[in-house]
Each structure stands twice: as C-alpha cells, then as structure tokens.
1. What residues have an amide H closer than 5 Å to that of M100, excluding those fewer than 5 places away on the same chain, when H is modeled at 1.01 Å from N in the peptide plane?
2. Taking the chain as a Gaussian network, Cα atoms linked when under 10 Å apart, which of R110, R137, R64 shows the biggest mean-square fluctuation?
3. With +1 on the Cβ of every Lys and Arg and -1 on the Cβ of every Asp and Glu, and nothing else charged, how large is the dipole of segment 72-155 about its Cα centre, in debye rounded to the nearest 20?
4. Send over a whole-number figure in Å² for the accessible area per residue of the chain, probe 1.4 Å.
5. Please list the non-local residues whose amide H lies under 5 Å from the amide H of V134, H modeled 1.01 Å from N, same-chain partners needing a gap of 5 or more.
6. Find the relative contact order for the chain and round it to a whole percent, using C-alpha pairs within less than 8 Å whose residues are 6+ positions apart.
7. Please get the size of the charge dipole for the chain, origin at its Cα centre, with Cβ charges of +1 on Lys and Arg and -1 on Asp and Glu, quoted in debye to the nearest 20.
8. Need the full-extension length gain, I126 to I114, defined as separation in residues times 0.36 nm minus the C-alpha distance. One decimal, nm.
Amino acid sequence: MSSFINDEKGLIEPYTELPAMALAVVGFIVFIAVLTQAYTTYQEKSFIAGHYEDAANLAKKLGRDSVLTGGYPGVIDSEKLQKLDPAEIFQQYGSYYNFMFKIDSNSENRAYNIIIKNPNLSESKIGVSASIPVTVRFNDVEEQPGTLTVKIWRK
C-alpha cells in the first residue's frame, strides 16, 4: 500500500483539470446571478420603503385638487373626471415621478372604476402604490364611498 502512495510514476492525462475548472466557473456564474438578484430585490424594496410617503402625499394632494373635486376636498366629482385633461394633471404633479391614479367605487347600486394614465408613458412594474378613502359624487344627489389609488415610479 505504501508503494502506491509513494509511487512517483504517476500519469497525467491531458485535460483532466477541465471538468473541475468548468464546475468552478459554473459555480461562480451561479453565485454572481444570485448576488445580482439579491441586489435588484434590495433596490426595489428600498425604493418602496423610501417613497411610500411620497405616493401617499400625492394621493392626498389629488384628493384635494379642485380640478378633480369641484371645490369639496375628498369628494371626487365623476363629471369633472369625464372632462379632465390628463396632461394638465401630469404636468402639474409629475415633476419628480411618473405616476398614474385610479378611482374605485363599488356598491350595490353602481360600480365605478376609472384609471387615468399619462398616454405618453408606459407603466413600470416597479413602483409604489398608496390609497386614500374618498367619496365619489355622481350627481347632486348620489355619492358613494370609494378609494383613490396612486402609483408612482421613477422617471
């Protein structure tokens, strides 16, 4: 047995190190892929954590804007929404972020759902959403509770 360990007539075959080298390279590539995915997820989560208040504040501002409310803060006028020029809203509030907003109201009598997007921009999958309760006014005698949801994303 000791002659096997001490035998110096070993034979080196060509390319015996290639499988080990390939395994090391594959392992390194997988490590880099996992590290990149972790960093991307961290960036997304930190954007969400850092900018939720911005989305909530924009929702509050939109809920008080007379262009949407007709002078009654927190009461979204559906007739004004039908006549709304989205470019005006996006120009006024879109200086820091791209955004879109949605107004929902579901009840037994009537379902109302309107999404207002900037037609010149595509929506990003990575963004922050915030909602506030509002009242949706359909006419002088009909109002329903609803929500105003704002989604913001990076420019």
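1. K151
2. Greatest mean-square fluctuation among the candidates belongs to R110.
3. Computed charge dipole of segment 72-155: roughly 540 debye.
4. So the chain comes to 71 Å² accessible per residue, rounded to a whole number.
5. Residues meeting the criterion, in which the H sits 1.01 Å from N, are G146, T147, L148.
6. 24
7. 440
8. 2.2 nm
The values are calculated or read from the model by the stated rules, or taken from the named source; none is laboratory data. These figures come from a predicted structure and were not determined experimentally. With ideal geometry, Cβ positions are generated from the backbone for all residues, glycine too; neighbour counts draw on all protein chains shown. With ligands, DNA and RNA removed, areas are computed over all heavy atoms of the protein, side chains included. Shrake-Rupley method; radii C 1.70, N 1.55, O 1.52, S 1.80 Å.
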